[in-house]
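Visitor: Take a look at this one; I'll ask things after.
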Amino acid sequence: MKHLRLLAVIAFALLLVVPTAAQDESSITIALGTDAASLDPQLQNDAFTTSILSNIFDTLIYRTADLALEPGLATDWELIEDTTWELTLQEGITFHNGEALTAADVEFSLERPLDESLGSPLTSRFRVIEDVEVVNDFTVRVHTVNPYPLLPARLSEWFIIPQDYFEANDPAFVSENPVGTGAYRFVEWVRDDHLDLVANEDYWRGAPEIQNVRFRPIPETSTRVAALQAGDVDLITNVPAFRQAEFETADNLEIRTVPSTFFQYVGLDGTKNEALADVRVRQALQYATNVPEIIEFLFDGSGAQIAVPLAFGTFGLDESIEPYPYDPDRARELLAEAGYGDGLTIAMDAPTGRYAQDREVAEALAGQWAQVGITVDLNINAWADQLARYRDGDALVETHFMGWGTSTFDADDVLFSAFANRPNKTNYINDELTELVTTARTSLDQEERAELYGQALAIIYEEVPWISLFQQFDIYGVRSDLNWQPRPDQKIEVRTISIES
Amino acid sequence: MAESLQQTTVPQLATPHAERRTRPRWQQNLFALLYDPVTLISLIVLTAVIVMAVAAPVLTPHDPELQSLRLRTRPPFWLMNNEPGYPLGTDALGRDILSRIIFGARVSMLVGIGAVIIQGTIGVLVGLMAGFFGGWIDTVLMRLADIQQAIPFLILAVAVAAVVDQSLLNVIIVLGVAGWVPYGRVVRAEVLSVREREFVTAARALGSSNLRLIFTHILPNVAASITVISTLTISTMILAEASLSFLGLGVPPSTPTWGGMVAAGRDYLATAAWVSIIPGIAIFLTVLSINLLGDKLRALLDPTL
């Protein structure tokens, strides 16, 4: 009997010890809130997928963690005419399948999304490209439709893919078996379970320290935190602000925080609910939204209110614009003027698992709007569903809660894609705004551009096509011995991680 | 059945207290119920839940939907830092948990009772037909029951709830339609024995129609079993509704439900456990009370079941 008890104790102790002892020093597991949408870099545009793909693929121009542009696959880029950029490629770079990187791959990578039949969500952004000209194996010229000063910023987002591999294989196969030039090679992807990568020993920047990487989608916040605390994963995204205290007392875990380039908003579509076509209703919604309260009580103060749908630090943003104050009385007045004094019901699509406390923010908005007589019919969607609805556009209901990551750090990104371009996700049409944004996009005079964006933002502030919410802080939970600092654009570049011995 | 109950009362006839002997049997049963503390407590809990469900708007101290982010995750009154006026604390959006529990009782009771009525109606009709007519009708109906039972109840409910629109009525219908089999089987078995009894043969000899035989002669004799199963399945249905709401497939998310409240508190288990635990206790107490009462009822009505 005594022996049995002792055995039981030993067995239990072993259970506790073995998993940590068996952990491979150069392997890490990263838990994201969502799974990859597609592994074809041109068939996706969400941040977590981009984060995973940035380990497999490279870009011509690299954006550093402090958001400066430096050489990537291209060593040099130069504006040689108003609409022509010349890029010089690094020699001797090979894709994971052995194919050498040449100018033809760049031409293929930049022209492929222009084909409408591909169904790429990036097509509208690539439309600035008129033509890509191969000068020789390591020199390409990109001709843009109009002068487009933001091309280098765009090139820092667009992954370069191998032409022969993509042309020889079926698109469905390619989208599940990515081949790039990046620091990690693809191993295996089991949807909604895990995605494994292994170090590329021949990586042109030098072999990365971490050998094996596993990405796991864990949408449930508390499960993600528990997985980190249990040692199942080493790095997690979006730790809710109210759980930071636990990390302060844990000796092997840490919180790392960075102001995000992402901001949150609610898109309003007047074509799907006529009430939202009335500017008074849209302004009323903005007045009825108590953003400071959300930041203070849901995020424990980590976040900043935005006045217009642009992230802080974006070129063209006049940061002196004051956000709409929280004024429920004014909101009720405006609603009454618009003929909705007796109340109004609107539907909202909101994701869960993607942004920090996203579900709660959506519910809090519904609660705040209820106070001025607006009933919100809330659809909480799993991220894959929300993304599918967003891509389709028509499938979205009249309002949707989403986040936008400004990757070019220029007002053009949001203002063109979201408001000037047609069709856009909220079917917003304003000719004056379109004129201003289109002119600004093709001008090479930065002062003139700033002036034009100022005017465009004044219209947006008045018209409220979107409810502007806040810019969040990205809060990561990590094992203390990981040398890694988060980037503001939510990309996790595993090659920059090392483990303290 | 009647004979066996009379036999059990024989020893009581020998007791010296005259009143006891003369009391009708239902009164004796009632006293037996009330003298049993477990049953008494169960009855009190259940009565409280029913009162909450019926009088929810009068009883609630706050609007169950009203948010106040300032007051989010305040603990219940027995813990530090509680907020006066919110005896059971507040949830992640600062809504009063007590008010939401009271309104949640409404959904639980409506679903429990509504689903049981639908199940009972379908199941009893099927059981009566199968048992009374026998032959191919019996074979077809019982194979249908087999098919239905091959699919686990909750999985079927989840699958259907995921497809249809979210509404209270749909949840009741889904649970009601998916759970008729136990009624059908029990009723059929009872009918098989009842239909061979002399009084049925006598009624048939007197020219009673099949309908009359089924509903005036057989049905009253299987009513006791139906009552017992109904009581026991109400608790199963309440649990099923809570499970569906927990998975986000039940009634629309804005309606307060106990299952939904447990789900909403998941992220706060480490920091504000009461957000999940209090509705969990409500589910637990209600289901336990109904089960204990159901057991008691079964013992009283039919010791052989």
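Visitor: Lys/Arg Cβ at +1, Asp/Glu Cβ at -1, dipole of the protein assembly as shown taken about the Cα centre: which of B:Thr139, A:Gly403, B:Ile238 is farthest positive-ward?
Guide: Result: B:Thr139.
Visitor: Related question: At 37 °C and 0.692 mPa s, grab the translational diffusion coefficient of segment A:136-286 from Stokes-Einstein with a Kirkwood Rh over Cα pairs, rounded to a whole number in µm² per second.
Guide: Numbers: Rh = 21.0 Å.
The Stokes-Einstein estimate is 157 µm²/s.
Visitor: On average over all directions, what projected area in square nanometres does segment A:127-174 have, based on the convex hull of its Cα atoms? Provide the component values of the computation, followed by the final result.
Guide: Details: hull surface 17.8 nm².
Average projection, Cα convex hull of segment A:127-174: 4.5 nm².
Visitor: Turning to a different aspect of this structure: Keeping the other protein chains in place, figure out the carbon and sulfur percent of the accessible area of chain B, with a 1.4 Å probe.
Guide: Details: 10640 of 15470 Å².
Using a 1.4 Å probe with all protein chains present, chain B comes out at 69 percent carbon and sulfur.
Visitor: Accessible surface of B:Ser99 in the full protein assembly, 1.4 angstrom probe, to the nearest 10 Å²?
Guide: 0
Visitor: Could I ask something else about it? Other chains' Cβ within 10 Å of A:145-155 residues: what's the mean?
Guide: On the way: counts 0, 0, 0, 0, 0, 0, 0, 0, 0, 0, 0.
Per residue, the number of nearby Cβ atoms from other chains is 0 on average.
Visitor: Under a Cβ-only charge scheme (Lys and Arg +1, Asp and Glu -1), can you give me the dipole magnitude of the protein assembly as shown about the Cα centre, in debye to the nearest 20?
Guide: Working: 53 positive and 101 negative charges, 1353 e Å.
In total the dipole reaches around 6500 debye.
Visitor: So, one more: Binned at 5 Å from 0, what are the whole-percent values of the Cα-Cα distance distribution for segment B:162-264, short to long?
Guide: With 5 Å bins starting at 0, P(r) equals 2, 11, 18, 15, 11, 10, 9, 8, 7, 5, 3, 1, 0.
Visitor: What figure in square angstrom, to the nearest 10, would you give for the accessible area of A:Arg389 with a 1.4 Å probe?
Guide: 70
Visitor: Hey, what did chain A get for relative contact order, percent, Cα under 8 Å, at least 6 apart? Show your work: numbers first, answer last.
Guide: Values: 991 pairs, mean separation 100.5, N = 501.
RCO, chain A: 20 percent.
Visitor: Using the eigenvalues of the Cα gyration tensor, what equivalent ellipsoid semi-axes result for segment B:15-173 when each is taken as the square root of five times the eigenvalue, whole Å, largest first? Walk me through the numbers on the way to the answer.
Guide: Values: eigenvalues 322, 203, 29 Å².
Those come to 40, 32, 12 Å.
Visitor: Going by the alpha-carbon gyration tensor, a ≥ b ≥ c the square roots of its eigenvalues, is segment A:203-243 rounded (a/c under 1.5) or, if a/c is not under 1.5, prolate (a/b greater than b/c) versus oblate?
Guide: Details: a/c = 2.93, a/b = 2.46, b/c = 1.19.
Since a/c reaches 1.5 and a/b is larger than b/c, the shape of segment A:203-243 is classed as prolate.
Visitor: Right, next: Give me Rg over Rh for segment B:32-301, both radii from the alpha carbons and Rh done the Kirkwood way, two decimal places.
Guide: Working: Rg = 22.1 Å, Rh = 20.5 Å.
Rg/Rh: 1.08.
Visitor: Please report, to two decimal places, log10 I(q)/I(0) for segment A:368-501 at q = 0.15 Å⁻¹ as given by the Debye formula with identical point scatterers on the Cα atoms and no solvent.
Guide: -0.95
Visitor: Please work out the Cα center distance from segment A:454-497 to segment A:267-319, rounded to the nearest Å.
Guide: For segment A:454-497 versus segment A:267-319, the Cα centre distance is 16 Å.
Visitor: Taking segment A:436-501, which chymotrypsin sites (Phe, Trp or Tyr not before Pro) meet the DSSP loop condition and have no more than 13 other C-beta atoms within 10 Å? Before the final figure, lay out the partial values.
Guide: On the way: sites: A:Tyr453, A:Tyr461, A:Trp466, A:Phe470, A:Phe473, A:Tyr476, A:Trp484; in loops: A:Trp484.
Of the chymotrypsin sites (Phe, Trp or Tyr not before Pro), not one in the loops of segment A:436-501 has a Cβ with at most 13 other Cβ atoms within 10 Å.
Visitor: Could you give the spread of the C-alpha atoms of segment A:188-257 along their three principal axes, from largest to smallest, in whole angstroms?
Guide: Principal extents (largest minus smallest coordinate, Cα): 42, 27, 19 Å.
Visitor: Over all distinct alpha-carbon pairs, what is the Kirkwood Rh of segment A:223-364 in angstrom? Show your work: numbers first, answer last.
Guide: Values: mean 1/r = 0.0562 Å⁻¹.
Roughly 17.8 Å, rounded to one decimal.
Visitor: Then there is this: Across the residues of B:63-73, average count of Cβ atoms on other protein chains within 10 Å?
Guide: On the way: counts 1, 0, 4, 3, 9, 3, 11, 3, 1, 5, 2.
Mean partner shielding for this stretch: 4.
Visitor: Please report the Cα spread of the protein assembly as shown along all three principal axes, rounded to whole Å, starting with the longest.
Guide: Each principal axis gives a Cα extent; for the protein assembly as shown these are 115, 73, 59 Å.
Visitor: What helices does chain A have that are whole DSSP H segments, at least 20 Å long along their own axis by Cα, and with mean Kyte-Doolittle hydropathy of 0.0 or more? All intermediate terms of the calculation are to be shown ahead of the outcome.
Guide: Working: long enough: A:2-22 (29 Å, 1.80); A:446-463 (25 Å, -0.56).
Helix filter hits for chain A: A:2-22.
Visitor: Pop out the ³J(HN,Hα) list for segment A:28-42 in order, Karplus 6.51 cos²θ - 1.76 cosθ + 1.60 with θ = phi - 60°, rounded to Hz; leave Gly and Pro as x.
Guide: With coefficients 6.51, -1.76 and 1.60, one gets 9, 10, 10, 9, 9, x, 9, 8, 5, 7, 7, 9, 8, x, 9 Hz.
Visitor: Using modelled amide H (1.01 Å from N, peptide plane; none on Pro or chain starts), what sits under 5 Å from the amide H of A:Phe315, excluding residues fewer than 5 places away?
Guide: Under 5 Å from the amide H of A:Phe315 lie the amide H atoms of A:Asp410, A:Ala411, each far enough along the sequence or on another chain.
Visitor: Along the charge dipole of the protein assembly as shown, pointing to its positive end and built from +1/-1 on Cβ of Lys, Arg, Asp and Glu, which listed residue (A:Leu268, B:Thr47, B:Gly248) has its Cα farthest out?
Guide: Most positive-ward Cα: B:Thr47.
Visitor: Any chance you could get the radius of gyration and Dmax over the Cα atoms of segment A:126-209, in Å?
Guide: So, for segment A:126-209, Rg and Dmax equal 16.3, 45 Å respectively.
Visitor: Any idea how far the Cα center of segment B:226-305 sits from the one of segment A:31-63, in Å?
Guide: 43
Visitor: Another one. Given a 1.4 Å probe and no ligands, DNA or RNA in the count, how much accessible surface is buried by A and B, both sides, to the nearest 100 Å²?
Guide: Numbers: alone 20630 and 16260 Å², together 35380 Å².
Summing both sides, the interface buries roughly 1500 Å².
Visitor: How much area per residue is accessible in chain B when the probe is 1.4 Å and only protein heavy atoms are counted (Å²)? Can you show the working numbers first?
Guide: Working: 15470 Å² over 305 residues.
Ligands and nucleic acids excluded, the figure is 51 Å² per residue.
Visitor: Mind pulling the angle between the C-alpha long axis of helix B:181-194 and the longest principal axis of chain B? Nearest 10 degrees, somewhere in 0 to 90.
Guide: Result, in degrees: 20.
Visitor: Further question: Given a 1.4 Å probe and heavy atoms of the protein chains only, how would you sort A:Glu86, A:Glu319, A:Glu176, largest accessible area at the top? Please report the intermediate quantities before stating the final value.
Guide: Values: A:Glu86 45, A:Glu319 105, A:Glu176 85 Å².
These residues rank, largest area first, as A:Glu319, A:Glu176, A:Glu86.
Visitor: Please give the Cα centre distance for segment A:374-418 versus segment A:148-211, rounded to the nearest Å.
Guide: 26
Visitor: Please name whichever of A:Ile30, A:Pro147, A:Val132 sits farthest to the positive end of the charge dipole of segment A:2-215, dipole taken about the Cα centre and charges placed at Cβ: Lys and Arg +1, Asp and Glu -1.
Guide: Result: A:Ile30.
Visitor: How big is the antiparallel share of DSSP beta bridges in chain A, given as a percent to the nearest 5?
Guide: Numbers: 57 of 77 bridges.
So the antiparallel bridges amount to about 75 percent of the total.
Visitor: Tell me which residues come under 5 Å, amide H to amide H, from A:Ala347 once H is placed; ignore anything under 5 positions away on its chain.
Guide: A:Asp377, A:Glu398, A:Thr399
Visitor: Would you mind checking the tilt of helix B:153-163 against the longest principal axis of the Cα atoms of chain B, expressed as 0 to 90 degrees and rounded to 10?
Guide: So the helix axis and the longest Cα principal axis differ by about 60 degrees.
Visitor: Per residue and in Å³, how big is the convex hull formed by the alpha-carbon atoms of segment B:242-284? Can you show the working numbers first?
Guide: Values: hull volume 2.5 nm³, N = 43.
Spread over its residues, the Cα hull of segment B:242-284 gives 59 Å³ apiece.
Visitor: Continuing with the same structure: When all C-alpha to C-alpha distances in segment A:260-473 are sorted into bins of 5 Å, what percent of pairs does each bin hold, rounded to whole numbers?
Guide: Distribution as computed: 1, 7, 15, 20, 21, 18, 11, 4, 1, 0, 0 percent.
Visitor: Placing +1 at every Lys and Arg Cβ and -1 at every Asp and Glu Cβ, with all other atoms neutral, what dipole size does segment B:32-301 have around its Cα centre, in debye to the nearest 20?
Guide: Numbers: 16 positive and 15 negative charges, 53 e Å.
My answer is approximately 260 debye.
Visitor: If I model a spin label at B:Trp78 and A:Glu78 as a point 7 Å from the Cα along the Cα→Cβ vector, what separation in nanometres do I get?
Guide: Reported label-point gap for B:Trp78 and A:Glu78 is 7.9 nm.
Visitor: If you bin the C-alpha pair distances of segment A:2-215 every 5 Å from 0, what whole percents do you get?
Guide: The calculated distribution, bin by bin, is 1, 6, 13, 17, 17, 15, 9, 6, 4, 3, 2, 2, 2, 1, 1, 0, 0, 0.
The values are calculated or read from the model by the stated rules, or taken from the named source; none is laboratory data. Since the model is a prediction, treat every value here as computed from it, not as a measurement. Reconstructed Cβ throughout: ideal geometry from the backbone, glycine too, with neighbour counts over all protein chains shown. All accessible areas refer to the heavy atoms of the entire protein, side chains included, with ligands and DNA or RNA removed. Shrake-Rupley method; radii C 1.70, N 1.55, O 1.52, S 1.80 Å.
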